[in-house]
Structures are given as structure tokens and as C-alpha cells.
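Worksheet: the structure to be examined is printed underneath.
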Amino acid sequence: MAREFWQTKSLEEMSAREWESLCDGCAKCCLVKLEDEDSGEIAYTRLHCRLLDSGLCQCSDYENRKAKVPDCVILTPEKVSQLKWMPKSCAYRRVHEGRGLPDWHHLVCGDRERVHTDGHSVRGKVVSEDTVLDEDQIDWIIDWEGNPPD
């Protein structure tokens, strides 16, 4: 049985099409993250980038996202290992770490909706950062499963 490209290639070796197809569509990378100035600890929020279409879990202007949101991080193979805020479930991180793809990933199961139906995406769990004052962002902190902080 032939092995799939994510099983045989490093992230750096993937074609642009393969790289883009690896994204599972969870949209967790589009969440507002807060960093503690003292500890460096990252806290995730239920707030998403203003360009995210939260119903589709896709950027509404993917091609121009960096121009419209200067803080947007364009993910590259080199950045995957450097970004400590990448979720553990992220396909890019999993492949980089040699953990393979989960059963619910569309490249494994053939169903792009399964990431959502199995609850691994932010669909139905987030609101736009534009709806919350900056000083209130701390009130929107959650863990990856959507539980309130301790």
C-alpha cells in the first residue's frame, strides 16, 4: 500500500498544493491569543480574527490577509517549530512532530466536515474580536476544549 505525501515528505518538501491541503480547517490559528508578559504563557480566547468567516472556518480574504491584518502570521514550514502557540491538534504541527494525522482529518477520512462535526474546530464556539473591547479580551480566555479557565 502506497504511503501518503504527509507520511513520506517533510513540510519543506511538500508542494504548495500539498501544503495547503494539509490544513484541517479548524481555524484555531485564527483565534486571538494573549501572552503573559511575565511568564510568556499563551492564553487562547474565544475571539477570532475579524477576517475569519467563523461559519466556514476560513479566512474571508486569504490572499490579502497580511495586508489587512498586519499581525497575521503566514505559516511556513520554518515557522511551525517556532510558534509555540500552534495547537497540538494542528496537522502542520503533528506532521512536523512525526505524529501523523488524526482519523478525523479530511485527508484521512475524506470528509472536510468531520473536523467540525467531531468538535475539533472553532465553529459555533467563537465571536469576532471586533465585538469585544481590548480591555475585555481577558474575559474570553478558554482552553482548547472550550472550558472556562480555573
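Multiplying the sequence separation of ASP111 and TYR62 by 0.36 nm and subtracting their Cα-Cα distance, what value in nm do you get? Don't skip to the answer; put the middle values down first.
Details: separation 49, 0.36 × 49 = 17.64 nm, distance 2.19 nm.
Separation in residues times 0.36 nm, less the Cα-Cα distance, equals 15.4 nm.
When you count, for each residue, the other Cβ atoms within 10 Å and take the mean per peptide, how do 35-42, 82-89 rank with the highest first?
82-89, 35-42
Could you check which residue among LEU31, LEU101, LEU56 shows the biggest mean-square fluctuation in a GNM of the chain with a 10 Å Cα cutoff?
LEU56
Explain nothing, just the number: dipole magnitude of the chain about its Cα centre with +1 on each Lys and Arg Cβ and -1 on each Asp and Glu Cβ, in debye rounded to the nearest 20. Write down the numbers at each step before the final one.
Numbers: 20 positive and 30 negative charges, 153 e Å.
Charge dipole, the chain, about its Cα centre: 740 debye, nearest 20.
Per 10 Å bin, what is the whole-percent P(r) computed from every C-alpha pair distance within the chain?
With a bin width of 10 Å, the distribution comes to 10, 39, 37, 12, 2, 0.
Would you pull out the residues with amide H under 5 Å of ILE142's amide H, same chain only if 5 or more places away, H placed 1.01 Å from N?
Under 5 Å from the amide H of ILE142: TYR44, THR45, ARG46.
Could you calculate the FRET efficiency of ILE138 with MET1 from 1/(1 + (r/R0)^6), where r is the beta carbon distance between them and R0 is 41 Å, rounded to 0.05?
Once the sixth-power term is evaluated, E becomes 0.25.
Hey, what did the chain get for relative contact order, percent, Cα under 8 Å, at least 6 apart? Please report the intermediate quantities before stating the final value.
On the way: 182 pairs, mean separation 47.2, N = 150.
RCO, the chain: 31 percent.
Each reported figure results from applying straightforward, stated rules to the coordinates on display, with no laboratory input. These numbers were taken from a predicted model, which means no experiment stands behind them. Heads up, the Cβs are rebuilt from the backbone with ideal geometry, glycines too, and the neighbour counts pull from every protein chain shown.
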